[in-house]
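The values are calculated or read from the model by the stated rules, or taken from the named source; none is laboratory data. It should be emphasised that the depicted structure is a prediction, and the values quoted were computed from it without experimental measurement. For neighbour counting, all protein chains shown are included, and Cβ atoms are generated from backbone atoms with ideal geometry for every residue, glycine included. All accessible areas refer to the heavy atoms of the entire protein, side chains included, with ligands and DNA or RNA removed. Shrake-Rupley method; radii C 1.70, N 1.55, O 1.52, S 1.80 Å.
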Amino acid sequence: PTAFTETGFSNWIKLGDGNTNYTVTSISYTNSPWAYYGCKEGDGFATPFNSPSDYLRLLVFPVYASGNIGSPVVIELAWFTNVFKGINEWTTEELGFSNVRYLLFQMRSSDSGQYGMNTAAYFCLNNIVMQ
């Protein structure tokens with residue numbers, strides 16, 4: 001979707017009162033333990049990452065005053081090269097979003113099936129730097 005409403009999504013953060021535009025410079029994030037170890041070792045739902053095509057991504061979208069959803073910044077939370085790699089410490093991502101009122105989050109995983117992601121759809125967020 002390209003238009004945002006609070007009732008249309010469950011994975012958003014309102015910046016301030018929702019009536020002021022902000023510049024969001026950066027956020028800090030990390031994997032939740034459930035998602036990290038599910039990707040690394042499996043967990044009964046998720047299978048361990050063991051192929052170069054395996055990934056867990058966080059997409060951070062700006063939502064503008066008009067309600068339009070902008071292009072996301074894509075953050076790699078876990079992946080496989082020759083070995084499993086995953087974020088397990090606080091990491092800062094520069095966003096550079098201007099004139100936004102909300103941040104909208106989506107997660108994507110290569111470990112998905114008929115009913116959606118098998119990987120736990122959790123991440124940890126801290127330090128939203130905005131002005």
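A few remarks follow.
- Cα centroid of the range 1-43 to Cα centroid of the range 61-93, whole Å: 9 Å
- In a fully extended conformation the segment linking Asn127 and Glu93 would gain 11.2 nm over its present Cα-Cα distance, using 0.36 nm per residue.
- The HN-Hα couplings worked out from phi for the range 45-60 by the Karplus form 6.51 cos²θ - 1.76 cosθ + 1.60 (θ = phi - 60°) are 10, 7, 9, x, 6, 8, 9, x, 8, 7, 7, 10, 10, 10, 10, 10 Hz, whole numbers, x standing for Gly and Pro.
- For the range 16-80: accessible area per residue (Å², 1.4 Å): 45 Å²
- For the range 70-81, 3J(HN,Hα) per residue [Karplus equation, 6.51 cos²θ - 1.76 cosθ + 1.60, θ = phi - 60°, Hz, x = Gly/Pro]: x, 6, x, 8, 9, 10, 7, 9, 7, 6, 10, 10
- Distant-in-sequence amide contacts of Tyr55, defined by a placed amide H-H separation under 5 Å and a gap of 5 or more residues or a different chain, comprise Ser110, Asp111.
- Residue by residue, the range 88-95 carries 3J(HN,Hα) couplings of 9, 8, 4, 10, 9, 10, 6, 9 Hz when phi is fed to the Karplus relation 6.51 cos²θ - 1.76 cosθ + 1.60 (θ = phi - 60°); x denotes Gly or Pro.
- Global size of the range 1-101 as Cα Rg and Dmax, reported in angstrom: 16.1, 47
- Cα lying deepest toward the dipole's positive end in the chain, options Asn127, Thr20, Leu77, charges on Cβ: Thr20
- Total formal charge among the other residues, if their Cβ is under 13 angstrom from that of Arg101, Lys/Arg +1 and Asp/Glu -1: -1
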